[in-house]
Amino acid sequence: MASNTFSLSIAAVSSSAILLSNTKTSFTCQQPHERTFLSSSLIATRTSIYKNTSRTRPTSLRKSSRGLTCSASSSSSSALPSALLFDCDGVLVDTEKDGHRISFNDTFKERELGVTWDVDLYGELLKIGGGKERMTAYFNKTGWPEKAPKSEEERKEFIASLHKRKTELFMALIEKKLLPLRPGVGKLIDQALDKGVKVAVCSTSNEKAVSAIVACLLGPERAGKIKIFAGDVVPRKKPDPAIYLLAASTLGVDPSSCVVVEDSAIGLAAAKAAGMKCIITKSGYTAEEDFLNADAVFDCIGDPPEERFDLVFCGSLLEKQYVS
């Protein structure tokens, strides 16, 4: 049995891709018992503070049964993003713990590799973007299984075969609809499509797995309008901004007019390095990560009456800065 001792920092993966903006600000809106806003000089509870700029307009915080809904004021015309870009795993669906991890472990068991990734270990491995890259880093760190080949080229083929089987097992889970969409995902996508905002999913996961999630859980009508950028479509994965820059280029939009919905620090780093606004919706594995560089942080998107934010709020991020 391979050791489950594994520790990796994001900085060790790609510190150069994590960029901090000089004008970075953020706005946090969570469940009532968690809702506290911080600044360097004060602590304010249930209060929002924003920096005035020449394009700033008010934001309304509507009370819902569990918290605040963030939406731009309806009294003024609002800009909308040119594109709304979603990460997949952890954003559309909370797939990691009971989806991808289980599928990796089932693959390891089928191949009799003597490897099991427990919940905590997989949380550490998620700091590496991409399943093939994740397995390679793990085996390089803990030692390759006895059944693995010895040459580098053969090991690449070995990893690719493991990942192919893992994807098949994961897709079977998705097709059974055992993992639901996260709250508010369908609502926000519908709002964007209804307003002519381009929608794409940008993920380090295998393209077939991402397509299965979009088609099975969002439905064929939505899926036909959503562009997917996934897997090895770019040579460098998150936190590198390549996948977001490719999406903007392909969609024919300026990166600065895009809003990204992410759930992880490496996804946030990729979005900000691409020059895009980024909203974080925390997921099971990422709740304690550092999102200081995010434009807004929520526990989820949310459906009414527990909605956290909407499309108009996404557009408002392009026009103002929030200070928390």
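Only loop residues by DSSP count here, and only those with at most 10 other Cβ atoms within 10 Å; note down the trypsin sites (Lys or Arg not before Pro) in the stretch 95-182 that meet that. Can you show the working numbers first?
Numbers: sites: K97, R101, K109, R111, K127, K132, R134, K141, K147, K150, R155, K156, K164, R165, K166, K176, K177; in loops: R111, K127, K147, K150, K176, K177.
Those satisfying the criteria are K147, K150, K176, K177.
At most 13 other Cβ atoms within 10 Å and a DSSP loop assignment: could you name the GluC sites (Glu not before Pro) in the stretch 73-155 that fit? Don't skip to the end; give the middle numbers.
On the way: sites: E96, E110, E112, E124, E133, E146, E152, E153, E154; in loops: E112, E146.
Passing sites in the stretch 73-155 are E112, E146.
Pull out the extension gain between S151 and L246, defined as 0.36 nm times the separation in residues minus the alpha carbon to alpha carbon distance; nm, one decimal.
Numbers: separation 95, 0.36 × 95 = 34.20 nm, distance 3.29 nm.
Fully extending the segment from S151 to L246 adds 30.9 nm.
Ignoring solvent entirely, what values of log10 I(q)/I(0) come out of the Debye formula for the stretch 110-174 at 0.27, 0.29 Å⁻¹ when each Cα is a single scatterer?
Taking Cα atoms of the stretch 110-174 as identical point scatterers yields -1.48, -1.54.
Would you mind getting me the FRET efficiency between S256 and K97? Use the beta-carbon distance for r and R0 = 25 Å, nearest 0.05. Intermediate results must be reported in sequence, preceding the final value.
Details: r = 34 Å, r/R0 = 1.38.
Result of the calculation: an efficiency of 0.15.
Between E221 and A160, what's the calculated FRET efficiency when r is the beta-carbon distance and R0 is 45 Å? Round to 0.05. Working shown, then result.
Working: r = 33 Å, r/R0 = 0.74.
That pair, E221 with A160, gives E of 0.85.
Whose amide H sits under 5 Å from the amide H of A230, counting only residues 5 or more places off or on another chain, with H placed in the peptide plane?
S203
Name the residues whose placed amide hydrogens come within less than 5 Å of the amide hydrogen of V260, ignoring near sequence neighbours (fewer than 5 apart) on the same chain.
L85, K277, C278, I279
With point charges of +1 on the Cβ of Lys and Arg and -1 on the Cβ of Asp and Glu, referenced to the Cα centre of the stretch 246-301, which listed residue (I280, S256, L268) lies farthest in the positive direction of the dipole?
Toward the positive end, the furthest listed residue is S256.
Rounded to the nearest angstrom and ordered from largest down, what semi-axes does the equivalent ellipsoid of the stretch 185-290 get from its C-alpha gyration tensor (root of 5λ)? Walk me through the numbers before you get to the answer.
Working: eigenvalues 78, 53, 45 Å².
Each semi-axis is the square root of five times an eigenvalue, giving 20, 16, 15 Å.
Strictly greater than 14 Å: what percent of every Cα pair in the stretch 261-324 meets that? Intermediate results must be reported in sequence, preceding the final value.
On the way: 1129 of 2016 pairs.
Tail fraction, whole percent: 56.
Given 0.36 nm per residue, what is the gain on full extension from D290 to E175 after removing their alpha carbon distance, in nm?
On the way: separation 115, 0.36 × 115 = 41.40 nm, distance 3.32 nm.
In short, 38.1 nm is gained.
Local charge sum around V199 (other residues, Cβ-Cβ under 9 Å, Lys/Arg +1, Asp/Glu -1)?
Details: positive: K198, R222, K225, K227; negative: none.
Around V199, the surrounding residues sum to +4.
Rule-based calculations on the coordinates, nothing more; no lab input. Bear in mind the structure is a predicted one, so any value in this text is a computation, not a measurement. Because the Cβ atoms are built from the backbone with ideal geometry, glycine has one as well, and the counts that use them run over all protein chains shown.
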